[in-house]
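The values are calculated or read from the model by the stated rules, or taken from the named source; none is laboratory data. None of these values were measured; they are calculated from a predicted model. Glycine gets a Cβ as well: all are built from the backbone with ideal geometry, and neighbour counts include every protein chain shown. Accessible surface areas use protein heavy atoms only, side chains included; no ligands, DNA or RNA. Shrake-Rupley method; radii C 1.70, N 1.55, O 1.52, S 1.80 Å.
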Amino acid sequence: MTTTEPEPIDFEARLQTALEDANDDESHVERDAETFHPSQIAACERQAYLGKLGLKDHTDILGIFQTGTLIHEFIEEYVGPQLADAEFEKPVEYETDGVRFVGHTDCYDAERNAVTDFKSRNGWYNFDPPKDRHLDQVHVYMAATGAEYGQIVYVSKGDMEVRTYPEDGYFAFDPDRFAAIVERAKRVKQAIETDGVAESADEIPLEKCDCFMCGSETLAFD
């Protein structure tokens, strides 16, 4: 008796479908001119514009987002109960000079008046902190919470090894850095008010810079 080998389950396709189902396309999308999430305004002006208006295509990197989310959830669920004075996923909202920042801090420690932000990495190759966009993101959280100090905790996706910036302690809030972030947000706001929401690549009012994100940009209308 002969049998026909059954068609195997296409787990690659199933997993991609699951990632797309789990992804909220409208998460962090703000179509007004003045509202920004800290992770968006930490990028260059063009990427901040694209990110806040939902004009980027994240299909190819949904897995990266998902593994990062799982690590954040693990830290919140299992580390959070060990820290009585720390608040995880603390909502923040801060308005200044015509722009508005909204989001959630990974961890705010009231006793130390410090913000901690978690970043997941594939490993430690080319690990040379800090990145300006990471510092900028944390500075928005610091301004919103009134925190004097900040720290970035990097976690390896492979084995959960931790490295921090600074290696021992915190960095202090820099008002000049935050002022530059606000000015960047104001320029993006002005671009939206003047040119509106782009419907094609040619309509994007801000030019690419030499940053990594501009170099690897994928657009929703490509």
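Would you check which residues across region 170-197 are more than 22 Å from T145 (Cβ to Cβ) and open to solvent by 80 Å² or more (accessible area, probe 1.4 Å) and list them?
Those that are more than 22 Å from T145 (Cβ to Cβ) and open to solvent by 80 Å² or more (accessible area, probe 1.4 Å): R187, Q190, E193, T194, D195.
Any idea which residue in region 81-139 is nearest to S39 (Cα to Cα), counting only those that are crowded, with 20+ Cβ neighbours inside 10 Å and among the polar types (S, T, N, Q)?
So the residue we want is Q137.
For F118, which of the numbered conditions (1) at pLDDT 95 or above; (2) within 26 Å of R187 (Cβ to Cβ) fails to hold?
Just one mismatch for F118, condition (2).
The rows are residues; the columns are (1) modelled with pLDDT of 95 or more; (2) charged (D, E, K, R); (3) out of contact with any Gly (no Cβ under 9 Å at 6 or more places or on another chain).
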site: H134; (1), (2), (3): yes, no, yes
site: H139; (1), (2), (3): yes, no, no
site: A180; (1), (2), (3): yes, no, yes
site: F212; (1), (2), (3): no, no, yes
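Using beta carbons and a limit of 8 Å, which pairs, at least six apart or on different chains, have the first residue in region 163-186 and more than 23 Å from V99 (Cα to Cα) and the second one of a type outside the set (S, T, Y) and assigned to a helix (DSSP H, G or I)?
From residues that are more than 23 Å from V99 (Cα to Cα), the pairs are Y165/H134; F171/L135.
With respect to A13, determine if the residue is within 13 Å of V188 (Cα to Cα), open to solvent by less than 50 Å² (accessible area, probe 1.4 Å), in a helix (DSSP H, G or I) and among the hydrophobic types (A, V, I, L, M, F, W, C).
Criteria not met by A13.
So, of the residues in region 140-169 that are buried (at least 16 other Cβ atoms within 10 Å of the Cβ) and touching a Lys or Arg at 6+ places or on another chain (Cβ under 8 Å), which turns out to be farthest from C107 (Cα to Cα)?
Filtering region 140-169 for residues that are buried (at least 16 other Cβ atoms within 10 Å of the Cβ) and touching a Lys or Arg at 6+ places or on another chain (Cβ under 8 Å), the one farthest from C107 (Cα to Cα) comes out as S156.
Can you name every residue in region 198-208 that is exposed (fewer than 14 other Cβ atoms within 10 Å of the Cβ) and within 22 Å of the chain's Cα centre (by Cα)?
Passing the criteria: E207, K208.
Which of the residues spanning region 108-127 are more than 14 Å from the chain's Cα centre (by Cα) and either closer than 18 Å to A42 by Cα or of a type in the set (K, R) (or both)?
R112, V115
Taking region 210-222 as the search range and keeping residues that are more than 12 Å from Y49 (Cβ to Cβ) and assigned to a loop (DSSP other than H, G, I, E, B), which one is most open to solvent (accessible area, probe 1.4 Å)?
Among those that are more than 12 Å from Y49 (Cβ to Cβ) and assigned to a loop (DSSP other than H, G, I, E, B), it is D210.
Matching residues to (1) part of a strand (DSSP E or B); (2) in contact (Cβ under 8 Å) with a residue 12 or more places away in the chain:
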residue	(1), (2)
G54	no, yes
T69	no, no
E73	no, no
A84	no, no
E89	yes, yes
V92	yes, yes
